[in-house]
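Visitor: Have a look at the structure that comes next, please.
All of the numbers you see were taken from the coordinates with simple rules; none came from a lab. Predicted model, so just to flag it, every value in this text is computed and none were measured. No Cβ is skipped: glycine too gets one built from the backbone with ideal geometry, and neighbour counts run over all protein chains shown.
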Amino acid sequence: MLVLENINVIFGKGTPDENHALKQICLKIEKGDFITVIGSNGAGKSTLLNVIAGTYQSAGGSISLISPAGAIDITKQSEYKRARFIGRIFQNPLLGTAGNMALADNMIICEKKGYRGLKISLNNAKRDIFRAQLKRLGLGLENRLRDNVGLFSGGQRQALTLLMTIMSKPEVLLLDEHTAALDPVNAEIVMNLTREFAKENNLTVLMITHNMKHALETGNRLLMMDGGEIILDINGKEKQNLTLADLQQRFKAAKNKELANDEILLT
Ligand SMILES: Nc1ncnc2c1ncn2[C@@H]1O[C@H](COP(=O)(O)OP(=O)(O)OP(=O)(O)O)[C@@H](O)[C@H]1O
Ligand SMILES: [Mg+2]
């Protein structure tokens with residue numbers, strides 16, 4: 001559904017600080033793929049998500065969105081336009097919701113994104129729908145529609161960000177270490193919700209993580225990045241049975257050196 005061909009991102013081109021952050025990346029992402037992305041600090045993981053979202057432009061190459069209706073070249077499309085079909089969640093739980101607004105108002109705005117141009121007010125029917133959706137999170141937020149979101153914990157806010165992102169019906173979901181700032185209990189809650197929502201909505205997901213357990217246990221495909229390149233692309237049965245030891249072995253075969261544990265585990 002998303003095809004990247006010869007994607008290159010070069011920061012500070014022509015300066016002493018020139019940094020070739022993505023090198024000739026070719027990647028075919030199928031609809032419904034849940035891809036975990038791992039790699040050491042500076043490997044190019046966030047840059048890859050940024051180039052898919054349109055935050056950064058590729059120097060040459062192309063990005064196409066393939067649907068039953070045909071292929072659309074989105075290489076030059078603005079980040080704003082791509083946001084109609086791409087949802088993003090970042091590490092910082094404060095980024096995805098407006099802290100100085102009530103939970104109900106946050107949800108109304110998010111609904112508006114899904115149904116462009118329709119004025120939506122909070123009537124009883126809507127309130128019931130919001131409550132039912134919030135109940136899914138299992139965090140008691142269904143009873144706090146009037147509370148400002150700024151009062152919620154990081155875990156509650158990130159779970160809410162996830163729900164609101166799903167409500168806006170993206171085709172592609174980009175997660176950049178979205179559980180890294182949470183305590184282990186909340187990280188598990190948000191991770192489980194991520195898997196459930198992705199499955200229910202047949203979402204196409206790219207999830208960057210430094211948590212090896214999450215990377216191995218989640219999704220149908222795993223990419224390992226290193227020095228701006230995708231050095232491993234593992235899917236299907238092999239991904240299902242993948243262990244940390246396999247990963248170390250595959251890294252050694254690809255790079256002819258040992259994978260230091262802290263190389264990918266660093267957050
Ligand atoms: N806006 C930018 N300007 C200049 N250099 C950048 C910019 N963004 C990223 N880089 C550089 O590009 C390289 C890849 O960065 P990127 O953020 O994609 O790494 P990452 O794999 O996400 O790492 P981490 O695990 O630390 O988040 C790094 O060397 C980084 O310093
Ligand atoms: Mg990053």
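Visitor: Can you find a residue that is over 30 Å from Leu259 (Cα atoms) and away from ligand 1 (no atom under 11 Å from the Cβ) anywhere in the stretch 12-20?
Guide: yes
Visitor: Residue pairs, Cβ under 6 Å, 6 or more apart or interchain, first in the stretch 28-53 and without any contact (Cβ under 8 Å) to a residue 40 or more places away in the chain, second away from ligand 1 (no atom under 13 Å from the Cβ). List them.
Guide: Lys28/Val3
Visitor: Give the residues of the stretch 213-250 that are touching a strand residue (DSSP E or B) at 6+ places or on another chain (Cβ under 7 Å), more than 16 Å from ligand 2 (Cβ to nearest atom) and of a type in the set (A, V, I, L, M, F, W, C), sorted by residue number.
Guide: Leu222, Ile231, Leu232, Ile234, Leu242
Visitor: So which helices (runs of 4 or more DSSP H) stay within the stretch 185-256 end to end and still have 2 or more residues that are closer than 21 Å to Gly155 by Cβ, β-branched (Val, Ile, Thr) and over 16 Å from the mean Cα position of the chain (by Cα)?
Guide: In the stretch 185-256, no matching helices (runs of 4 or more DSSP H) lie anywhere.
Visitor: Specify the residue that is nearest to ligand 2 (Cβ to nearest atom); the eligible residues are those in the stretch 31-61 that are of a type in the set (A, V, I, L, M) and in a loop (DSSP other than H, G, I, E, B).
Guide: Restricting attention to the stretch 31-61, the residues satisfying the condition of being of a type in the set (A, V, I, L, M) are 35, 37-38, 43, 48-49, 51-53, 59.
If we keep only those that are in a loop (DSSP other than H, G, I, E, B) too, we end up with 43, 59.
Working: Ala43: 8, Ala59: 20 Å.
Ranking the candidates gives Ala43 first.
Visitor: Let me spell it out: the conditions are (1) within 16 Å of ligand 2 (Cβ to nearest atom); (2) out of contact with any helix residue (DSSP H, G or I) (no Cβ under 6 Å at 6 or more places or on another chain), and Asp183 meets all of them except one. Which number is the exception?
Guide: (1)
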